[in-house]
Amino acid sequence: MNSGPLRRMGVIERFAGILPVSDKTPVITLLEGSTPLIEAVNIKKSLGVSFDIYLKYEGMNPTGSFKDRGMTVAVSKAAEKGSRAVICASTGNTSASASAYAVRGGMKSIVVIPEGAIALGKLSQALIHGASVVAVKGNFDRCLEIVKDICENYEVEMVNSINPFRIEGQKTAAYEVFQDLGRMPDYQFMPVGNAGNITAYWKGYREISESGGCTPPRMMGFQASGAAPIVEGRVFDNPETVATAIRIGNPASWKKAEEARDESGGVIESVTDSEILSAWRELACLEGVFAEPASAASLAGLKKSLSAGDIPEGFDGEAVLVLTGHGLKDPGRAVESVDPPGVVEADIEEVARAAGL
Ligand code: AN7
């Protein structure tokens, strides 16, 4: 047994060799990355499949989502060039991450969010970190247009995923999956919103495959059916879904997501809100993993692919489901979706009876 404490590394330190950083880059980190890859034995059993399913639990990042991987690189590069402020449009998680990393880097952060459309946990993070939070009477897509315009006119660094450093940081998740499995998975299922993450994973897997000669996974991306621009090939002017994280009608990395799909032999499909919510409950009740609703689009997508026959009968390889954000981001929805707890007198017998003992 190792007697010393295990020292945790952030993404930049762990993956310096594959990131656009140098000795001159100040490392702004909260020790993100190195998230668990959890084998989903109960889901495997309940689906009755012969392949192995792994959950890449990105909710275990410092601010509770995968955004931290890209944010450490984007904010460190902004610090390297002397930026004083960062800005993003966000459905919530990017704003939480940007505001936390800006604090670490001694920068101001500005987050532009759609009014009333982000989960409370995410809003609370941006606010407590001291970001300038601006709620716009419009959806995410409008927020992103405004942020792009602001960046052309003011001295402020854009940290949405159109910032290439975000993609570089996020690709490290593909390296972790590869290292933890000891091989490439055959399929990867994940939610798609602005499509930065599928772009980033594909970049990571492609790099690994080019240097090692192994076949990268099929990228299986899933949008919510009320916000499915890539699936339907049209901008959604009024995207709607319970999965507010992916309530996006005009994804910034649309073309790159299509490339990831086509080059990997994957699909980008849609899943309904009710499919998302039942997958979300299964993750919690079968595996003990509490992810946010948008994350559950990956399991909903796996179930859809199985019933569509997109996975060959008897396939016995490996599938990774990316769980992009933590369930505690949106506790209100969890409480709403189940029966409230029973209330009894403070009496041992009443408590035991109510508990079904
Ligand atoms: C939990 O925070 O777009 O396809 O502004 O928070 O890379 O956009 C969040 C997106 C999936 C989709 N799961 O990722 C934002 C934002 C969760 C998310 C996505 C998001 P992309």
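The values are calculated or read from the model by the stated rules, or taken from the named source; none is laboratory data. Model, not experiment: these values are computed from the prediction. With ideal geometry, Cβ positions are generated from the backbone for all residues, glycine too; neighbour counts draw on all protein chains shown. Surface accessibility is based on the protein's heavy atoms, side chains included, excluding ligands, DNA and RNA. Shrake-Rupley method; radii C 1.70, N 1.55, O 1.52, S 1.80 Å.
List of remarks:
- In the context of the full set of protein chains, residues of segment 67-163 present 40 Å² of accessible surface per residue (probe radius 1.4 Å, heavy atoms only).
- Choice from Ala291, Ala334, Ala174 with maximal GNM fluctuation in the chain (Cα, 10 Å cutoff): Ala334
- Convex hull volume of the C-alpha atoms in segment 15-132, normalised per residue: 125 Å³.
- The modelled label-to-label distance between Cys214 and Ile128, using points 7 Å beyond Cα along the C-beta direction, is 3.9 nm.
- When only the Cβ of Lys, Arg, Asp and Glu is charged (+1, +1, -1, -1), the dipole of the chain relative to its Cα centre reaches about 1060 debye.
- Of every Cα-Cα pair in segment 67-163, the percent that sits beyond 15 Å: 53
- Taking 30 Å as the limit for the C-alpha separation, the pairs Lys81/Lys137; Lys24/Lys255; Lys44/Lys203; Lys108/Lys171; Lys56/Lys304 exceed it in the case of Lys81/Lys137; Lys24/Lys255.
- Overall size of segment 131-219 from C-alpha positions, given as principal axis extents largest first: 46, 24, 20 Å.
- Both radii were evaluated on the Cα set of the chain; the Rg over Rh quotient, with Rh as the Kirkwood radius, amounts to 0.98.
- Averaging the sequence gap over all C-alpha pairs within less than 8 Å and six or more residues apart, then dividing by the number of residues, gives segment 67-163 a relative contact order of 33 percent.
- Stretching Leu120 away from Leu328 to a fully extended chain increases their span by 73.9 nm, per 0.36 nm per residue minus the current alpha-carbon distance.
- Length-normalised contact order of the chain in % [C-alpha pairs under 8 Å, at least 6 apart]: 18
- The modelled label-to-label distance between Asn238 and Ser278, using points 7 Å beyond Cα along the C-beta direction, is 2.8 nm.
- The chain: most fluctuating residue of Gln125, Gln223, Gln188 per GNM, C-alpha cutoff 10 Å: Gln125
- Normalised by residue number, the volume inside the convex hull of the Cα atoms of segment 1-65 is 166 Å³ per residue.
- Given +1 at the Cβ of Lys and Arg, -1 at the Cβ of Asp and Glu and no other charges, the dipole of segment 238-357 around its Cα centre is 420 debye to the nearest 20.
- DSSP bridge pairs, the chain: antiparallel proportion in percent, nearest 5: 15
- Placing unit charges on each Cβ (+1 for Lys and Arg, -1 for Asp and Glu) gives segment 16-74 a dipole about its Cα centre, and among Gly70, Thr29, Gly17 the Cα reaching farthest toward its positive end belongs to Gly70.
- With the convex hull drawn around the C-alpha atoms of segment 225-357, the volume per residue stands at 145 Å³.
- Heavy-atom accessible surface of the chain: percent carbon and sulfur, 1.4 Å: 52
- Measuring between their Cα centroids, segment 27-76 and segment 326-350 lie 27 Å from each other.
- Relative contact order (%) - criterion: Cα under 8 Å, at least six apart; region: segment 1-78: 32
- Remark: segment 67-163 carries a charge dipole of roughly 260 debye about the Cα centre, counting +1 on each Lys and Arg Cβ and -1 on each Asp and Glu Cβ.
- Under a Gaussian network description of the chain, with springs only between Cα atoms under 10 Å, the residue in Ser99, Ser124, Ser65 that fluctuates furthest is Ser124.
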